[in-house]
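Report on the structure given below.
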């Protein structure tokens, strides 16, 4: 019990994933980022499933958790490319994150470290009931904060995937080492056999 085995390490990784996902969920809610909110919710459910599978020794749950981590890495890779505007991706297409239900973007855009927000009054570019703002003086641009957050998710997911595969393999090997139907047959135990060379002999008595 003095060392942390694969199960213990996987629980620690899942705990870190939960903390990172909950932190990200809060800021995505503040920024009305509906697509990331939905993805974060699925991720939280999958991580909880992974913890349950690790504690309760359920290899199938760990396999589902590992499959989800592959999808999660792909989603965060897309977010990184989106904020860095790789290829044809552009942040002007914010409907990819908000499902076109609002004009909000990342919460860090206006609330990043050192950011100074100035409202442009009576701007002809502003839609009805909205204002145009300018943001200046940020110590770190919001897109890089989002990229770092996604990179952290990818980093944790890769470790979680490796340990989930390892722990699930250990669980499957333990299940195969015991024959639930044959009992002790898998350990080489053989019940005593009746000797077949013994034959019944007639019994003679004095008349």
Worksheet item: Taking the range 67-77, which residues are surrounded by 15 or more Cβ atoms within 10 Å (Cβ to Cβ), over 11 Å from the mean Cα position of the chain (by Cα) and free of Cβ contacts under 8 Å to residues at least 40 places away in the same chain?
Response: 75
Discussion item. I'd like the full set of residues that are surrounded by fewer than 20 Cβ atoms within 10 Å (Cβ to Cβ) and in contact with a helix residue (DSSP H, G or I) (Cβ under 9 Å, 6 or more places away or on another chain), limited to the range 53-66.
Written reply: 55, 57, 58, 59, 60, 63, 64
Worksheet item: Do the conditions hold for residue 9, that is, is it farther than 17 Å from residue 153 by Cβ, crowded, with 18+ Cβ neighbours inside 10 Å and touching a residue at least 12 places away in the same chain (Cβ under 8 Å)?
Response: no
Practice prompt. For the range 100-116, state whether one or more residues are surrounded by 16 or more Cβ atoms within 10 Å (Cβ to Cβ), in contact with a strand residue (DSSP E or B) (Cβ under 9 Å, 6 or more places away or on another chain), part of a loop (DSSP other than H, G, I, E, B) and modelled with pLDDT of 60 or more.
Written response: yes
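Residue by residue, here is whether (1) more than 22 Å from residue 149 (Cβ to Cβ); (2) assigned to a helix (DSSP H, G or I); (3) under 15 Å from the mean Cα position of the chain (by Cα); (4) at pLDDT below 95 holds:
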{"position": "16", "(1), (2), (3), (4)": "no, yes, yes, no"}
{"position": "24", "(1), (2), (3), (4)": "no, yes, yes, yes"}
{"position": "27", "(1), (2), (3), (4)": "no, yes, no, yes"}
{"position": "32", "(1), (2), (3), (4)": "no, no, no, yes"}
{"position": "37", "(1), (2), (3), (4)": "no, yes, yes, yes"}
{"position": "43", "(1), (2), (3), (4)": "no, yes, yes, no"}
{"position": "46", "(1), (2), (3), (4)": "no, yes, yes, no"}
{"position": "50", "(1), (2), (3), (4)": "no, yes, yes, yes"}
{"position": "54", "(1), (2), (3), (4)": "yes, yes, yes, yes"}
Fill in: Scan of the range 117-145 for residues that are part of a loop (DSSP other than H, G, I, E, B) and either at pLDDT 70 or above or under 28 Å from residue 80 (Cβ atoms) (or both), ordered by number
137, 138, 139, 140, 141
Item to complete: Considering only the range 63-87, state which residues are closer than 16 Å to residue 150 by Cα and not in a helix (DSSP H, G or I).
Response: 84, 85, 86
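The values are calculated or read from the model by the stated rules, or taken from the named source; none is laboratory data. Just so it is clear, the structure is predicted and the values come from calculations on it, not from any experiment. Positions of Cβ are generated from backbone atoms using ideal geometry, with glycine treated the same way; all protein chains shown enter the neighbour counts.
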